[in-house]
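Down below is the structure, laid out as structure tokens.
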Amino acid sequence: MTTKVSPAMEGQATQKNAIINGNFDIWQRGTSQTTEGYGSDDRWKLRVAGSAVTHSRQTFTPGQSDVPNNPTYHSRNVITSVLDPSNNIFTQQKIEGVSTLAGETVTLSFWAKADAAKNIATEFVQQFGSGGSPSSSVTELGVTTHALTTSWKQFTVTLTLPSISGKTLGTDDNDFVQLNFWFDAGSNFDSRTNSLGQQSGTFDIAQVQIENGNTATDFENRSVGEELTLCQRYYQRLSGSFNFVGTGMCHSSAQWDVIISFAVMRTNPTVTVSNVSDFLLVNATGGGLAMTSITGAGASTSTSRMYGNVSSGLVAGNATLLYIINSGWIDFDAEL
């Protein structure tokens, strides 16, 4: 039986775990969030409706033996539930390519604990993308209840993901298979959570793995560098004090543009610049000029044109260099 892996995993030295950042080593955006979306641990999206949550990075005590393989971090969700049938809190990872492990027997394994005896639920979803006339999502796959205690414990789920034979993919190249961790779920989601119900509390998750076969094997420890490379297919942040990011040309005394290169991404990313005042333009005379505006445009999967203005001081036709000098950053986002 041949393991089907996501496009992000192709060509990697190791390909057992279809989850990216299952060890929670990479947090490019930050170490906590309270709002829905991608905001902290890479590749993990927080979903929030009605209830409140703080999702954060937690550090294992060095030398602990409760969770094997000496992990450094795990994720935590501290939830305050607000009762309503439509309210929920869950985290998810979208694994690129709905064909990933389709028709195969797969095993999910992870470690978890809570602040008291509480249940969580896991669910798989096949989503066929957008654009054109794609098939409807298939939800409620392998829904399983897990009884957490105050001690770390490993949990496993084995299921066969449906074949996608006869299904129609969208034309936007954004189909995926999704893993959901449900922590708080109103009654509207009973069929997707085994009637998990609503609850407040603290929930910790570590070492998440999805692999081919009907047995959970040892967690695949990829290096932090390899894991970062996998994450950067979907999201990259350029930051750092006095970090050179690109070179270009002056078009007038106040206008400039530069080209920035970055690791190849899944698709052309959305570019966002934050803290414009923390960027510096260095022209041919060596002068450093603060920005009045910066815009990202024309991004490909590995380059982006940045353009903007300074008050004055540039010479048309001269080369120029762009630096991040303090707390500015540029985000390149190609998430599913």
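The values are calculated or read from the model by the stated rules, or taken from the named source; none is laboratory data. Please read these numbers as outputs of a predicted model, since none were measured by experiment. Quick reminder, even Gly has a Cβ in these numbers, built from the backbone with ideal geometry, and neighbours come from all protein chains shown.
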Residue list for region 257-291, filter: closer than 23 Å to Ala334 by Cβ, among the β-branched types (Val, Ile, Thr) and either part of a loop (DSSP other than H, G, I, E, B) or free of Cβ contacts under 8 Å to residues at least 24 places away in the same chain (or both) | Val264, Thr267
Only listed residue being aromatic (Phe, Trp, Tyr) and either closer than 27 Å to Arg266 by Cβ or surrounded by fewer than 20 Cβ atoms within 10 Å (Cβ to Cβ) (or both), chosen from Phe181, Phe203 = Phe181
Within region 256-305, the residues that are in contact with a Phe, Trp or Tyr (Cβ under 8 Å, 6 or more places away or on another chain) and over 20 Å from Ile325 (Cβ atoms) are Met265, Arg266, Pro269, Thr270, Ala297, Ala299, Ser302, Thr303
Does Gly97 meet the test of being closer than 28 Å to Asn174 by Cα and surrounded by fewer than 21 Cβ atoms within 10 Å (Cβ to Cβ)?
-> no
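Does region 40-56 contain any residue that is in the same structural domain as Thr100 (by TED's automatic domain parsing), outside any loop (DSSP other than H, G, I, E, B), surrounded by fewer than 15 Cβ atoms within 10 Å (Cβ to Cβ) and over 9 Å from the mean Cα position of the chain (by Cα)?
Restricting attention to region 40-56, the residues satisfying the condition of being in the same structural domain as Thr100 (by TED's automatic domain parsing) are 40-56.
Those left that are additionally outside any loop (DSSP other than H, G, I, E, B): 45-49, 52-56.
Pick out the ones that are also surrounded by fewer than 15 Cβ atoms within 10 Å (Cβ to Cβ) and you get 54.
Within this subset, residues satisfying the condition of being over 9 Å from the mean Cα position of the chain (by Cα) are 54.
Yes: one or more hits.
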Listed residues Val67, Val82; which is modelled with pLDDT of 95 or more, part of a loop (DSSP other than H, G, I, E, B), buried (at least 19 other Cβ atoms within 10 Å of the Cβ) and in contact with a strand residue (DSSP E or B) (Cβ under 9 Å, 6 or more places away or on another chain)?
-> Val67
What are the residues in region 186-205 that are in contact (Cβ under 8 Å) with a residue 60 or more places away in the chain and closer than 24 Å to Thr107 by Cα, if any?
-> Phe189, Arg192, Thr193, Asn194, Leu196, Phe203, Asp204, Ile205
Can you tell me which residue within region 292-302, out of those that are part of a strand (DSSP E or B) and among the hydroxyl-bearing types (Ser, Thr, Tyr), is nearest to Gln232 (Cα to Cα)?
-> Thr295
If we scan region 236-258, do we find a residue that is over 13 Å from Ser304 (Cβ atoms), of a type in the set (S, T, N, Q) and buried (at least 17 other Cβ atoms within 10 Å of the Cβ)?
-> yes
Residues located in region 94-108, provided they are over 16 Å from Asn180 (Cα atoms) and assigned to a strand (DSSP E or B) = Thr105
Would you be able to say whether some residue in region 303-311 is part of a strand (DSSP E or B), in contact (Cβ under 8 Å) with a residue 24 or more places away in the chain, among the aromatic types (Phe, Trp, Tyr) and crowded, with 18+ Cβ neighbours inside 10 Å?
-> no
Tell me, which strands (runs of 3 or more DSSP E) wholly within region 109-178 include 2 or more residues that are in contact (Cβ under 8 Å) with a residue 60 or more places away in the chain and in the same structural domain as Ile89 (by TED's automatic domain parsing)?
-> 118-127, 153-160
